[in-house]
1. Over the stretch 5-109, what is the relative contact order in whole percent, taking alpha-carbon pairs under 8 Å and six or more residues apart?
2. At a threshold of 8 angstrom on Cα-Cα distance, excluding pairs fewer than six apart, so keeping six or more, what relative contact order does the stretch 57-138 reach in percent?
3. Aspartates and glutamates near K36 by alpha-carbon distance under 17 Å, same-chain residues fewer than 8 away left out - which ones?
4. What chymotrypsin sites (Phe, Trp or Tyr not before Pro) in the stretch 41-143 are in a loop by DSSP, with at most 14 other Cβ atoms within 10 Å of the Cβ?
5. Using a Cα-Cα cut-off of under 16 Å, which aspartates and glutamates could be cross-linked to K78, ignoring same-chain neighbours fewer than 8 residues away?
6. Can you return the lysines within cross-link range of K41? Criterion is Cα-Cα under 29 Å, with same-chain partners fewer than 8 residues away left out.
7. Enter the per residue convex hull volume of the stretch 57-138, computed from alpha-carbon coordinates, in Å³ rounded to the nearest integer.
8. What is the ratio of the Cα radius of gyration of the chain to 2.2 N^0.38 Å, where N is its residue count, to two decimals?
Amino acid sequence: MSDPADILDDVTALVEVHGSPQLVTRWRNSLAEFNKAGGRKTLCTCLGVEPYAQRFPSFRAARAARDQHVRAAYAAMKKPSIRRFQARLQSFLVRTWPGIQVYTRIPERLTTVERELFSALKIGRVPASVGGLHEILFGNSGE
């Protein structure tokens, strides 16, 4: 049951059975807006919870897991530097990720660095900027 459409159908069924009429209306309108946007808006934005999403425990847990994989990818590099890591991430995003992003399991042919990047990207977007990567790898203090 990893198909997003099936998951949304299941959530819709739960909302329709257990939700208030107002919730059902809000859910349907949000899904209609989400579908109409064609990927230009997130479901959180359409539901009106985007400004609050970063406060959700599930969001924080996912971000922590993503960051752990990013750090593991960096640590697995020979002679790591933030610039080399940025180049490696960009190369992976352009050359490898498009062909494997639909996979649910890590392809065996990937290197350790690529396996960790795959895992991080399956969880969420990884910033490609040096500053964004630096914040994940070393925190705000720059240690």
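FYI, it's all coordinate maths here, none of it is from the lab. Because the structure is a prediction, the values reported are computed rather than measured. Cβ sites come from the backbone with ideal geometry, for glycine too, and all protein chains shown count toward neighbours.
1. This gives 10 percent for the stretch 5-109.
2. Computed value for the stretch 57-138: 51 percent relative contact order.
3. D9
4. Listed in order of number, the matching sites are Y103.
5. Partners found: E114, E116.
6. K122
7. Given the Cα convex hull of the stretch 57-138, per-residue volume reads 88 Å³.
8. Ratio of Rg to 2.2 N^0.38 Å for the chain: 1.26.
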